[in-house]
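**Student:** One structure follows; several queries about it will come next.
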Amino acid sequence: MNAIFGTMAQFFNYYAPTVANIARQTVPFVAQRVDDLYRFIHAWVPSLYGELDEDYWRERGYILSDTDTDLSPELTPREAGEAGETGAEEGKDAEGKAGEISELTRESWEVLSMSEELRRALYANSAISLDAELIIPDLVGTTEILSDEHREHLCRHLPARAEGYLWTLVFSTSQHGFSLNSMYRKMAKIESPILLVIEDTEGNVFGALTSCSLRVSDHFYGTGESLLFRFTPRFQAFNWTGDNVYFIKGNNESLAIGAGDGKFGLWLDGDLYQGRTQSCSTYGNEPLAPHEDFVVKTLECWAFI
C-alpha cells in the first residue's frame, strides 16, 4: 500500500480502525503500513529526519544500537507506546531501559522449560480436584484381601470400560475352593475385565488386572489394558511395555500372565496353591512378591458388572 495523506485529518481517518484495535490490544501495527507512517511524518515534520547527530543523543544518555530490536512479535501496541513514553522522560537511565527492553524481548519469545516448582503450583489444584472426585465403587460380595486403601490405588489404574461399575466377586478360594478349573467355570459367561488379587502366606498382596475374563486357550490372548500390580513394599502398577503380546495364557494345569525369555510375570498352578512371579518383558515388572515362589493364602477375582 502506497497511500499519501495530504492532511492530518486524512491520516487519522484512515488509521482510526487500527488505533481502535491497538487500544483493545488485539491487532499489532502491521509492517505494510510502516512506510505510510514514515512518509506522513517525513512530510509534515521533516526536521525529525536527516543526518543523525550521535553526539546530541549521547549527551542525553541514549545508547545507539547497530542492530534493530524487533518488539513486534509479542509486545502489544499499548506496551510499546508506554515503553516509548517512558524512554523519553528526562533523567531516566537509558542503559537500564535498554536492558529492560532487551529482557522483555527475550522473555517474549524464548521457550523456557517449566520448573518443577511452577509445575507443582499449576497442577496442584488439579490433582486435589481429581482426588476429591475419586469415588470408590461398592463391592458386591465380601473380600478377605482388599482394604479401602487397596481399592483406592487400583481405581486409578482401571481401564475406561471398567470405571463406574460395581466390583462383583465372581470367584474366591474361600468360597469356591482351590481349583483353577472352578475359576474358569465361574467366568465362563463374564464379559468384563477381571481383577485377580492374591494374598500369600506371608501377607503380601499383589495380582493382575486382565482385559477380559480368564479361560483356557492354546494361545496368548488379551490386550494392552492388562497390568500387574503389587502393594509390597509400596503400591506399584506395571503396565504393558509393548515389547510383546504375551498377556494371558491358561490351560487346565496352569495360568500365566505376562511372559518373555522363559519367565512369567505371574504364574499359578492348577490347584491355585503354588505360584511364581518373575520379571517379564510384557510388563517390565519387578517380582510382585519378595520371593519368586510363593504359596497362596487367598485368591479373589472381581468383575466390573
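**Student:** Under the rule a/c < 1.5 gives rounded, and otherwise a/b versus b/c splits prolate from oblate, where does the range 197-305 land using the Cα gyration tensor? Walk me through the intermediate numbers first.
**Tutor:** On the way: a/c = 1.35, a/b = 1.17, b/c = 1.16.
The shape class here is rounded.
**Student:** Expected output is a single nm value to one decimal: the length gained when fully extending between ASP271 and ARG39, i.e. 0.36 nm times separation in residues minus the C-alpha distance. What is it?
**Tutor:** Full extension of this stretch gives 74.1 nm more.
**Student:** Another question about this same structure. Ranked by Cβ crowding within 10 angstrom, fewest neighbours first, how are THR282, THR223 ordered?
**Tutor:** THR223, THR282
**Student:** In what order do PHE235, PHE294 fall by count of nearby beta-carbon atoms within 10 Å, going from fewest to most?
**Tutor:** By the 10 Å Cβ count, ascending: PHE235, PHE294.
**Student:** Most exposed first by the Cβ proxy, i.e. fewest other Cβ within 10 Å, how do CYS212, CYS280, CYS301 rank?
**Tutor:** CYS212, CYS301, CYS280
**Student:** While we're looking at this one, here's another question. Summing +1 for each Lys or Arg and -1 for each Asp or Glu, what net charge is found among the other residues whose Cβ lies under 14 Å from the Cβ of GLY262?
**Tutor:** Cβ neighbours under 14 Å give a net charge of +1.
**Student:** A further question follows. Please give the net charge around GLU300, taking every other residue with its beta carbon less than 15 angstrom from that of GLU300, where Lys and Arg add +1 and Asp and Glu add -1. Don't jump to the answer; show the numbers that get you there.
**Tutor:** Values: positive: ARG151, LYS186, LYS297; negative: GLU144, GLU199, ASP200.
With Lys, Arg at +1 and Asp, Glu at -1, the neighbours total 0.
Bear in mind these aren't lab numbers, they're just calculated from the coordinates by the rules spelled out. These numbers were taken from a predicted model, which means no experiment stands behind them. Cβ sites come from the backbone with ideal geometry, for glycine too, and all protein chains shown count toward neighbours.
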